[in-house]
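S.K.: Mind having a look at this structure? Questions to follow.
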Amino acid sequence: MSAPAPGGRVQDRADGEARFGPTGWGDYRRLWASSAVSALGDGMRLTALPLLAVSYTTDPQLLALVTVAGTLPLLASPLAGVAADRWNRKRLLVTADLIRFLLIALLGLAVLADVVGLVLICAAALLLGVCEVFFVVTAQSFLPQVVRKDRMTAAYGRQHAAQLVSRDSVGQPLGGLLFAAGMALPFLLDAATFLGGVLLLLAVRPAPAPRAAGPGSAPGWGVMIREGYRYLRGERLLLTLAGMLGFINFFVAGVGAILVLYVLERLGLRPGAYGFFLAAGALGGVLGGTLAARARTRLGLFPAALAGLVLTGGSALVLGLTTVPVLAGAAFLLMTFGAVVYQTLTVSFRQTTVPPGVLGRVNGVYRLFGTGTAPLGALVAGAVAGRFGIRTPFLLAGVGLLLLAVLAWRPVTRMAATEERGERKGEEPPGAPGDVGGKDGGSAADDRADGGPPGTPRPRGEEE
């Protein structure tokens, strides 16, 4: 028993920190603030980059190339996962943000000097995408070093909601306004936010990361990637969810590739309004991130996640059918709400199920399956929109996502129920590497037991 603290309030606060995470509530707050600050700049760039591209071309197929360039690095997710397990995760996050600071600052200066073209925009999107892949995979593996497993859903929901508020509700509208005032402004301010995020991240004190091997005996990159693949292949539920995410991101990336044209041409809005349209989706995302845990409590984890997928598909259909800006904004809000509920629950599920020692490489392989389809989806959507009209990719996305939810509902919920019964019996999940344990060297089943009720959500990529 620990010695009593001099003051009751101080002790209560210390107890609260101990309950929240291995290193305390303050470290999570700094990590949360770092994400929020960086997300503000991301929002400005997410609005400004498509507007910058559309100022050079309105051809859907050429515009889709920007999305293709930005999503192509997702194919390197397994390498990012191994890096997250081999290297210091905090240092990797800081390095990725510093490189993005340099890239965005150079892009802003190029815009200021009026030496930008579509090729340079695509090159910037590609390099930023590489950094983002390493950052996202590492961040998903880093969060369990700051937050306890039984608080993962709440922590990820808060973090995701903060990112949505900062990026979408504030950053994206601000990006549109700044772009109208000066095309370089959103990029230069984005660079500044990366520096602010790095300073906050440097103050985070994570718990030590588990390692699968002792010093000097770490396996090679290829071996670690195969370990992540074998683990995922042995977990039928996780493998199914990875395949579903790939299907989802095929359509989501396609819709995102032509969204700026949809807003400007089909809805007839001005460029300055594009950021506000995105902000409507941000509001839905905030509500989804905030209410995901409550939906899980009322409906169950996977029924709530799949209901979110149904809402996402139905809203995409409405977007394809309407030309009324208010109705389109409401549909976009609901689409993002459903997508974030699905993402929050499934990502937190993965993070609390996979043993910490292999989390990075499993996240990397998972993201390869789950997001590697995005470049193809963007290419197909650009071609389809050019041939059949801008609304067609939205209609196809709606039908595809609804069909996926219907077909996946029964097998996913049955697999989840089977896995829950196995956990109650204390069985070790199939496919877990025999030489890799959890935080304390125990089995993956022990890690799940420590994480609270079976099926606790975990943050994945996503789309994320």
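S.K.: How would region 278-399 be classified by its alpha-carbon gyration tensor: rounded, prolate or oblate, with rounded meaning a/c under 1.5 and the a/b versus b/c comparison settling the rest?
M.R.: oblate
S.K.: Another one. For region 88-144, what is the accessible area per residue in Å², given a 1.4 Å probe and the full set of protein chains?
M.R.: 42 Å²
S.K.: Follow-up. Explain nothing, just the number: dipole magnitude of region 215-283 about its Cα centre with +1 on each Lys and Arg Cβ and -1 on each Asp and Glu Cβ, in debye rounded to the nearest 20.
M.R.: The dipole magnitude comes to about 100 debye.
S.K.: Taking just the alpha-carbon atoms of region 230-283, what radius of gyration and Dmax come out, in angstrom?
M.R.: For region 230-283, the Cα-based Rg and Dmax read 17.0, 50 Å.
S.K.: Please state, to two decimals, what the Cα-based radius of gyration of region 201-357 comes to when divided by 2.2 N^0.38 Å (N = residues).
M.R.: Taking N as the residue count of region 201-357, the ratio is 1.31.
S.K.: Quote the Stokes-Einstein diffusion coefficient, in whole µm² s⁻¹, for region 36-174, based on the Kirkwood radius over alpha carbon pairs, a temperature of 37 °C and a viscosity of 0.692 mPa s.
M.R.: Answer, rounded: 202 µm²/s.
S.K.: Take every Cα-Cα distance within region 248-336, group them into 10 Å bins from 0 onward, and report for each bin the whole-number percent of pairs it holds.
M.R.: 17, 47, 27, 9, 0
S.K.: Find, to one decimal place in angstroms, the Kirkwood hydrodynamic radius of region 101-148, where the mean of 1/r is taken over every pair of different Cα atoms and then inverted.
M.R.: 12.4 Å
S.K.: Is the shape of region 35-86 rounded, prolate or oblate, going by the alpha carbon gyration tensor and its root eigenvalues a ≥ b ≥ c, with a/c under 1.5 for rounded and a/b larger than b/c for prolate?
M.R.: Verdict is oblate for region 35-86.
S.K.: What percent does the relative contact order of region 260-347 come to when contacts are Cα pairs within less than 8 Å and at least six residues apart?
M.R.: Computed value for region 260-347: 41 percent relative contact order.
S.K.: Quick check of the Kirkwood formula: for region 79-132, what is the inverse mean of 1/r over all pairs of different Cα atoms, in Å?
M.R.: Across region 79-132, the inverse of the average 1/r is 12.3 Å.
S.K.: OK, next. Which residue, chosen from Pro78, Leu93, Thr67, occupies the Cα position most advanced towards the positive end of the dipole of region 53-107, where the dipole is computed from +1 (Lys, Arg) and -1 (Asp, Glu) charges on Cβ about the Cα centre?
M.R.: Farthest towards the positive end: Leu93.
S.K.: Compute log10 of I(q)/I(0) for region 23-117 with the Debye formula, placing one identical point scatterer on every Cα and leaving out solvent, at q = 0.11, 0.13, 0.18, 0.23 Å⁻¹, to two decimals.
M.R.: -0.48, -0.65, -1.08, -1.34
S.K.: Ignoring ligands and nucleic acids, what accessible area does Trp409 show with a 1.4 Å probe (Å², nearest 10)?
M.R.: Looks like 100 Å² after rounding.
S.K.: Another question, then. Excluding Ile104 itself, calculate the net charge of residues whose Cβ lies under 13 Å from the Cβ of Ile104, where each Lys or Arg counts +1 and each Asp or Glu counts -1.
M.R.: So the surrounding residues net to -2.
S.K.: Shape verdict for region 323-393, please, from the Cα gyration tensor: rounded (a/c under 1.5), prolate (a/b greater than b/c) or oblate.
M.R.: oblate
The values are calculated or read from the model by the stated rules, or taken from the named source; none is laboratory data. These numbers come from a predicted model, not from an experiment. Glycine also receives a Cβ, built like all others from the backbone with ideal geometry; neighbour counts cover every protein chain displayed. These accessible areas exclude ligands, DNA and RNA; they are computed on the full protein's heavy atoms, side chains included. Shrake-Rupley method; radii C 1.70, N 1.55, O 1.52, S 1.80 Å.
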